[in-house]
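What follows draws every value from the coordinates through simple rules; no lab data is involved. Since this is a predicted model, take the numbers as computed values, not measurements. Neighbour counts are summed over all protein chains in view; Cβ atoms, including those assigned to glycine, are modelled from backbone coordinates with ideal geometry.
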2 protein chains.
Amino acid sequence: MAIREKVFNTIISCFKRHGAETIDTPVFELKETLTGKYGEDSKLIYDLKDQGGELLSLRYDLTVPFARYLAMNKITNIKRYHIAKVYRRDNPAMTRGRYREFYQCDFDIAGQYDAMIPDAECLKIVHEILSELELGDFRIKVNDRRILDGMFAVCGVPDDKFRTICSTVDKLDKMAWEDVKMEMVKEKGLSEEVADQIGEYVSMQGGMDLAERLLQDQKMLQSKQACAGLSDIKLLFSYLQLFQVTDKVVFDLSLARGLDYYTGIIYEGVLTQAGESVSASAQKVRTTEVQVMVASAQKNLLEERLRLITELWNAGIKAEVMHKKNPKLLSQLQHCEESGIPLVAILGEQELKDGVVKLRVVATREEVRLRESFIRESFRRRPCHIISDSHDTNRYCHLK
Amino acid sequence: MAIREKVFNTIISCFKRHGAETIDTPVFELKETLTGKYGEDSKLIYDLKDQGGELLSLRYDLTVPFARYLAMNKITNIKRYHIAKVYRRDNPAMTRGRYREFYQCDFDIAGQYDAMIPDAECLKIVHEILSELELGDFRIKVNDRRILDGMFAVCGVPDDKFRTICSTVDKLDKMAWEDVKMEMVKEKGLSEEVADQIGEYVSMQGGMDLAERLLQDQKMLQSKQACAGLSDIKLLFSYLQLFQVTDKVVFDLSLARGLDYYTGIIYEGVLTQAGESVSASAQKVRTTEVQVMVASAQKNLLEERLRLITELWNAGIKAEVMHKKNPKLLSQLQHCEESGIPLVAILGEQELKDGVVKLRVVATREEVRLRESFIRESFRRRPCHIISDSHDTNRYCHLK
């Protein structure tokens, strides 16, 4: 959860930097709202039992609920993000990270704008987030559904097979061309010749240059749709240059994406190499942010511990105390070591008599005796320097 | 959503200050996990349709999923918070804020500890959160299920009616005593005499003094259970004194709470007077945090706008640009006023020639001409002072 929180914070900061607000929609929608939006995937929708009242289903993505929200509230212009869970009645595959409940993270710009400017901003956002998360090197593949449809048309795919051939092409990132071709020919009834023509196009990758070259392609020129898509890809790349993100963006004709509701530009980010943060997931992560533990060295000091921690909490300091009347000092120190609490404030009879608290750095076992009020004030100002301040030396305790 | 975010941040900071980590559980549980945990309320559980696979239900609260999580993962010690939505197939009453999907905000301390220390910390947390949210004056009512059960016993309620009489007592905050008594006598079959004895106890309110007085009460003394509960309330108040929160905590014998799984201390916060933040909900709230809008005064400056905003985004500044090739200056300024963006960076041909940007405070219409690099650097350091710095005067633009 600590890692998830960090990742979400990175993503949300980026969305806010781009001026997005956030909205929230319920986890269920009317069943009829979801019907007919997801093509072949509709069978994976979770329905609620009919216990009286409306027929409901769990949301399958955040896009259809967003569209429903805009329509119901008559909103025509909004830039919003939504990070929430969606539900798919799939066969879970934990090892591949496929669950039946999982997060989606949507950023949408709704409204009437000039072509490709909002799309370019979306790609800039993907670029910023993937860079900041430091997951490793990445590429962002882009394509346009109109280019795919136009290409299918000029290759001789019948109109009513566009969608189904599209989902077959989408498998190219997981399957070899031979198997994709087989599915097109054997299962979906294309001729080998048509499949081979598709095969030639979907192997193409490039940037603005590829869009320009295809705009000269005699076969592509037969499709108005394809040309419109290619011109937009060209325009998109001109904006991506201004946004300084063309280093990672690839125009890839094999990118198809599965869902029925895509009609224009589509894109997908892929990691080309796992970075350090991914492989370091076995590292120990602190699950709390506690700065100091209030402990006692002798018995019968519960009251004094509770009094001190009240002072610390009231001063906004993240602090813990053991919920035992007479915990052993050793077990209090062990708790600090196990959960990564860097400092421990130890109360003993001598300290109480002298009106001070012993503050100990768990890692180095350094100790200083401080007035209680001094601890409170120093923590509030600069928790990192509390030890060195009191000694006036250069020894620091490093808190994260 | 901006208000919700602020409220959640206040609550989460408090939980973190008290050393809690957070966990997440799925929105659905096995139906059998929820069966038999909620007493009369079980009929409000949402079930999923049987589409093959396990029988599932939507979570009804966060407590049963937490207990399931602890048992499955064999965790015996944890201090955790969980803020998430729960689902109840109830009749929604929007005007009273009752929905079928709503947030619960749980903080739990699991483990074996000395009596009342964790409970006192929970009350301290409730006190801190309700104070910091500034919703108005409040009280935290506390009671103990064992005191209720003991009281029912000494008043002559049959054992098998404890739970149902308990849910009737729980209605005392919404119904007059006469109606509650009627329900006990007419619907639940108590004698008038028994009901009147209960009525006497449940009108009592106080602090540690009331617990001490009841520990002398001849009738209460007949119940070991009640005495155990009363001693714990006394102990609890001694810790609450150390935590400095007794000003708001009331021992209230009418507090019953509905759910079957409570066995010891129970409590509930109530607002005794609505504060300003509640009544101020009609105030306009900014939904984004954008600091500056990049605008142009003439046509054909899209490229320049995109170039400047890229610089700002890359420097971490929250900035927006209109997604039109040639937006009118007026409509760009209007957008700033409507959405509360405090500054606008205006590009024009003259400015481009001079290598500067005109920066305008939306509210006062003050303008200064600044070098682009200066804007970037100043924003990064102190967005508030960008205008006054450049003029070396005392005029400030106040950003939140």
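For the peptide A:239-249, the mean number of other protein chain Cβ atoms found within 10 angstrom of a residue's Cβ is 3.
When the P(r) is computed for segment B:1-127, the part past 21 Å accounts for 50% of the Cα-Cα pairs. Helix B:63-72 and the longest principal axis of the Cα set of chain B meet at an angle near 90°. Peptide B:321-329 shows a mean partner chain C-beta count of 4 within 10 Å per residue C-beta. Applying a DSSP loop filter and a limit of 14 other Cβ atoms within 10 Å to the trypsin sites (Lys or Arg not before Pro) in segment A:97-185 leaves A:174. With both residues required to sit in segment B:228-374, DSSP beta bridges show an antiparallel share near 55%.
Dipole of segment B:31-142 computed with +1 at Lys/Arg Cβ and -1 at Asp/Glu Cβ about the Cα centre; of B:35, B:123, B:71, farthest Cα towards the positive end is B:35.
Here the ratio of the Cα radius of gyration of segment B:211-370 to 2.2 N^0.38 Å is 2.06. Note that chain A, at 25 °C in a medium of 0.890 mPa s, gets a Stokes-Einstein diffusion coefficient of 94 µm²/s from its Kirkwood radius over C-alpha pairs.
Segment B:184-224 and segment A:119-167 have Cα centres lying 71 Å from one another.
Between residue A:365 and residue A:330, the simple spin-label model (points 7 angstrom out along Cα→Cβ) gives 1.4 nm. Restricting attention to chain A, close to 70% of DSSP beta bridges with both partner residues there are antiparallel. Beta bridges assigned by DSSP with both partners in the protein assembly as shown are antiparallel in approximately 70 percent of cases. Counts of other chain beta carbons within 10 angstrom of each beta carbon in peptide B:42-52 average 4. Straightening the chain between residue B:219 and residue B:73 buys 48.1 nm, computed as 0.36 nm per residue apart minus the Cα-Cα spacing. According to the Cα-based calculation, Rg over Rh for segment A:61-165 is 1.02, with Rh computed by the Kirkwood formula. For the rotation that carries chain A onto chain B, the axis lies closest to a Cβ at A:49, 2, where the number is the distance in whole Å. Relative intensity of the protein assembly as shown on a log10 scale, I(q)/I(0) at q = 0.07, 0.11 Å⁻¹, equals -0.71, -1.39, per a Debye sum over C-alpha point scatterers of equal strength in the absence of solvent. The lysines whose alpha-carbon is closer than 18 Å to the alpha-carbon of residue B:37, local same-chain residues fewer than 8 away aside, are B:161.
Sparsely packed loop sites in segment A:283-321 (the trypsin sites (Lys or Arg not before Pro) outside DSSP H, G, I, E and B with at most 14 other Cβ atoms within 10 Å) comprise A:284, A:286, A:299. Label-point distances for residue A:216 to the equivalent site in the other copies, using a point 7 angstrom along Cα→C-beta, read 10.4 nm when ranked shortest first. On C-alpha positions alone, give me the angle between the axis of helix A:192-202 and the longest principal axis of chain A, in degrees, nearest 10. Rounded to the nearest ten degrees, it is 40. Remark: for residue pairs A:325/B:79; A:16/B:325; A:79/A:171; A:324/B:74; A:85/A:318; B:328/B:353, the C-alpha separation exceeds 25 Å in A:79/A:171; A:85/A:318.
Take the convex hull of the alpha carbons in segment B:318-371; its mean projected area over all directions comes to 4.1 nm². For residue B:174, a cut-off of 20 angstrom between C-alpha atoms picks up these lysines, skipping any fewer than 8 places away in its own chain: B:141, B:186, B:188.
Length available on full extension from residue B:303 to residue B:122: 0.36 nm per residue minus the Cα-Cα distance, which gives 59.5 nm.
How far is helix A:302-314 tilted off the main Cα axis of chain A, in degrees rounded to 10, range 0 to 90? Rounded to the nearest ten degrees, it is 50.
Taking a straight Cα-Cα cut-off under 17 Å and skipping sequence neighbours fewer than 8 places away in the same chain, the aspartates and glutamates within cross-link reach of residue B:234 are A:303, B:114, B:119, B:121, B:144, B:209, B:212, B:217, B:247, B:252. On full extension, the segment bounded by residue B:43 and residue B:8 gains 9.6 nm, given 0.36 nm per residue less the C-alpha separation.
If you wrap the Cα atoms of segment A:177-270 in a convex hull and average its projected area over all directions, you get 7.1 nm². Extending 7 Å from the Cα toward the beta-carbon at both residue B:174 and residue A:32 defines two label points whose distance is 3.2 nm. Take the Cα of residue B:272, step 7 Å toward its Cβ, do the same at residue B:131, and the gap between the two points is 1.6 nm.
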